[in-house]
Amino acid sequence: MARAISGEIDLTPMPETGMNTLYFGGGTPSLLKPLELELIFAHLRVKTDFSKVQEITLECNPEDITYESLELWHKLGITRLSLGLQSLDDAELKAMNRAHSAALSMWVLEMIHNTGVFDVSVDLIYATPWKSNAQWERELNRILRHPAVGHLSAYALTVEPKTQLNHQIKKGIVKEAQDELMVSQFQILQEKIKSEDWEAYEISNYALPGKRAKHNSQYWKFIPYFGIGPAAHSYDGNKTRYMNVANNALYIQSLNEGRLPRTYEELSDLDCLNERLMTGLRTKEGIEIKELQRYFPDWESRQIKEINSYLSQGHLIKNTTGYTLSESGKLISDQIISDLMIIE
């Protein structure tokens, strides 16, 4: 697979100015063998000037990290690690079928901190059937105050159909978390972020000053990006998206034949409007009316009834350029975004 990915890098036209950020994720890239990672990086170095790359992130699981792997990643130029911890409770980790323990997670954070060369982001999940408010508060204290950690991505648990958890809930083996728990744990999260002087710069993303994820921030600003690998998505910054075939065998076959394994999608003005609404309202900066009017000139007047309703309820805040969500608005962000979209 590493050889195929390298082949796709070679075939992909990239700007002469190079890439601002690189992100290895969407899977478990920390499982790649040293020679595989080195091969991919060698091909990337041909296509982009690494001296201009501001951030190189690798998604990794605690069980894949050793002093040797950290040394290799640093040597390759990786600057940021995104750690899928999910929880600091062993019973909860076991219920979520995670291979690592809470003790291993904390040991790995110490290892990374001792290297002194990586920025660290941690993923945590809240509003699960197994986590109390007190447990959630303790987890946040341990992570937000850890000297290695400068970024947190925190997500409420979503129970997907056809999963073991969904089956257990239906059978009554596990009790589904109630909406009230999600609300209370989201509020605990917001309070902790403020008290620890972190920044809530997106509904699910939090950072110490200067530690925002540069790569993800570019997604939310609709800057062009290239996705490499099976099922990877790319965007030209305008109205064209393309997606690689998800099937590994077909992906490799296509590249062996010298063809990029992609299908293309042209976005309408309405698609662009709704995507910017959906993404922008989740961020601290919110949405700019002028930006939305590029795609739908009378968006504000068209949706003024819904806008005024949310303003009067205190869920939406108007500023000089557009709108942002209030703290209460963040709790019903999906509903607000849906109501402000234009569906035709």
>> Quick check on my filter: what residues within the stretch 88-98 are more than 15 Å from residue 149 (Cα to Cα) and part of a loop (DSSP other than H, G, I, E, B)?
In response: 89, 96, 97, 98
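Matching residues to (1) assigned by TED's automatic domain parsing to the domain that holds residue 189; (2) surrounded by fewer than 15 Cβ atoms within 10 Å (Cβ to Cβ); (3) closer than 30 Å to residue 207 by Cα; (4) aliphatic (A, V, I, L, M):
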position	(1), (2), (3), (4)
261	no, no, no, no
299	no, no, no, no
304	no, yes, no, yes
310	no, no, yes, no
325	no, no, yes, yes
> helices (runs of 4 or more DSSP H) wholly in the stretch 260-344 with at least 1 residues that are farther than 27 Å from residue 241 by Cα and of a type outside the set (D, E, K, R) - which ones?
Replying inline: 299-302, 304-312, 327-331
> Of these, 251, 235, 201, 206, which one is at pLDDT 90 or above, touching a Leu at 6+ places or on another chain (Cβ under 6 Å) and either not assigned by TED's automatic domain parsing to the domain that holds residue 300 or not hydroxyl-bearing (Ser, Thr, Tyr) (or both)?
Replying inline: 206
> Within the stretch 85-106, which residues are without any contact (Cβ under 8 Å) to a residue 24 or more places away in the chain and surrounded by fewer than 16 Cβ atoms within 10 Å (Cβ to Cβ)?
Replying inline: 90, 94, 103
>> If I ask for residues that are among the hydrophobic types (A, V, I, L, M, F, W, C), in contact (Cβ under 8 Å) with a residue 40 or more places away in the chain and not in a helix (DSSP H, G or I), which ones from the stretch 48-84 would you list?
In response: 65, 78, 81, 83
> Out of all the residues in the stretch 196-203, is one or more on the phi < 0 side of the Ramachandran plot, part of a loop (DSSP other than H, G, I, E, B) and surrounded by fewer than 13 Cβ atoms within 10 Å (Cβ to Cβ)?
Replying inline: no
>> Take the conditions assigned to a helix (DSSP H, G or I) and either under 21 Å from residue 63 (Cα atoms) or not aliphatic (A, V, I, L, M) (or both) and apply them to residue 16. Does it pass?
In response: no
> Out of the stretch 35-55, which residues are farther than 22 Å from residue 214 by Cβ and loosely packed, with under 14 Cβ neighbours inside 10 Å?
Replying inline: 35, 42, 46
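The values are calculated or read from the model by the stated rules, or taken from the named source; none is laboratory data. Note that the coordinates shown come from a computational prediction; the quantities given were computed from them, not determined experimentally. Glycine gets a Cβ as well: all are built from the backbone with ideal geometry, and neighbour counts include every protein chain shown.
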